[in-house]
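Notes follow the structure.
The values are calculated or read from the model by the stated rules, or taken from the named source; none is laboratory data. Just so we're clear, the structure is a prediction, and the values are computed from it rather than from any experiment. Cβ: placed from backbone, ideal geometry, glycine included. Neighbour counts: every protein chain shown. For the accessible areas, the whole protein counts, side chains as well, though only heavy atoms, and no ligand, DNA or RNA atoms are used. Shrake-Rupley method; radii C 1.70, N 1.55, O 1.52, S 1.80 Å.
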Amino acid sequence: MTEILVAIDEGEHRHVALEFAAADAVASGRALRIVHVVHPLNRVVPRQPQGSERRPPEPDPEASAAHRLLDEAADVVRSRYGDSPAVRTEILEGMPLPVILEAAGESAKVYLQRRHLSPLDNVLNGPVVAGVAARSPVPVVVVPEAFSGWDLPGRRRVTVAVKRTGHQEELLEEGFRTASRMQAGLKILRVVEPHRLHGVMHGVSLPGRHHPEHAAPHVETLTTAELRLLEYLAAWRGRFPEVPTRAQVLRQRAVIALLEATADSDVLLISRPPTRLPANALGTLSRALIREAVCPVAIVPVHPHVPSHVRSTPYTGADARGPIY
């Protein structure tokens, strides 16, 4: 799998995800595959009048518009990067979710753009982005259409949200590689949910009896947790010495901590473990981040049974199932 896949539509700011996908393709040396999915209901089939000679088929306006979109997208990439990366454009026909998922299986990574949709559009089109993120066998990067970044070397930041020190090999591998390609600093963030909350609607958190303030000596403090996290990252830090790395452990509600992290990040990476629960393949936290994050969010499929050492081989496959929303 040597291509990065990006799907585009007719949105007003339709090239935001494309620009980030092209930058990733250049940095990683991969080719770029740009696709536009034509829904079968949008196909226009002209009716032939009865009792008359059959006329030659008229041009399909949907196909013509799709060709214009793809040609425009290819020109945007070539005008900025020249002949590298190699660009391939393709019109795909069918229901967007299964079509993009099938194309994702042939790709190294998928880029999708999150549009600012009206409530009705969100009901009709929102499941496509979330469904691909929930079921893709490869990482999916969801880019908000209002985001602009990755253009300030030395000030870039990649944030990786780990759940625990274990079974995060694919996520950390992708995070370190992304930071290396972007010449960015890397922040490894672990969020520990408070044991007791008070006044949640007002954002007030009171320490429970298991909080470090009330903890017995054997209870792990946040500082100790950060040291353990740095020890866990030692193998990757040795392989990627060019990536400045720091670890942070926060005791906070996960959705608040991670949304705040997107405010000063160029990309946030989160894991998506496999699940057998069809309605919760992506999870409420991941869906909230896709919907509300102010920077791109990369959803990386991880597996429950992997070697304890750092993996260096490509990874594929996931058994999560949708639908979402």
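Does ARG157 satisfy the criteria of being modelled with pLDDT of 70 or more and either more than 12 Å from the chain's Cα centre (by Cα) or of a type in the set (Gly, Ala, Ser) (or both)? Yes; evaluated as a whole, the condition is true for this residue. Hey, can you tell me all the residues within region 1-18 that are under 15 Å from ARG181 (Cα atoms) and open to solvent by 10 Å² or more (accessible area, probe 1.4 Å)? Within region 1-18, no residue meets the criteria. Apart from one condition, LEU32 fits all of (1) more than 26 Å from ILE290 (Cα to Cα); (2) modelled with pLDDT of 90 or more; (3) buried (at least 19 other Cβ atoms within 10 Å of the Cβ); the exception is (1). Contact map, region 28-40: residues that are under 18 Å from SER84 (Cα atoms) paired with residues that are among the basic types (Lys, Arg) and part of a strand (DSSP E or B), Cβ distance under 6 Å, separation 6+ or inter-chain. Pairs shown: ARG33/ARG88.
Looking at region 234-251, which of its residues are within 19 Å of ARG156 (Cβ to Cβ) and either of a type outside the set (D, E, K, R) or at pLDDT below 85 (or both)?
Keep residues of region 234-251 that are within 19 Å of ARG156 (Cβ to Cβ), which gives 236-237, 240-248.
Within region 234-251, TRP236, PHE240, PRO241, VAL243, PRO244, THR245, ALA247, GLN248 qualify.
Considering only residues of region 84-104 that are over 19 Å from ARG135 (Cα atoms) and touching a Leu at 6+ places or on another chain (Cβ under 9 Å), which is surrounded by the most Cβ atoms within 10 Å (Cβ to Cβ)? Selected residue: PRO85. Residues in region 261-281 that are in contact with a strand residue (DSSP E or B) (Cβ under 9 Å, 6 or more places away or on another chain) and at pLDDT 80 or above: 11 in all.
Regarding PRO85, is this residue in a loop (DSSP other than H, G, I, E, B) and at pLDDT below 75? Answer is no for this residue. Counting only residues that are over 16 Å from GLY283 (Cα atoms) and at pLDDT 90 or above, region 122-137 holds 1 of them.
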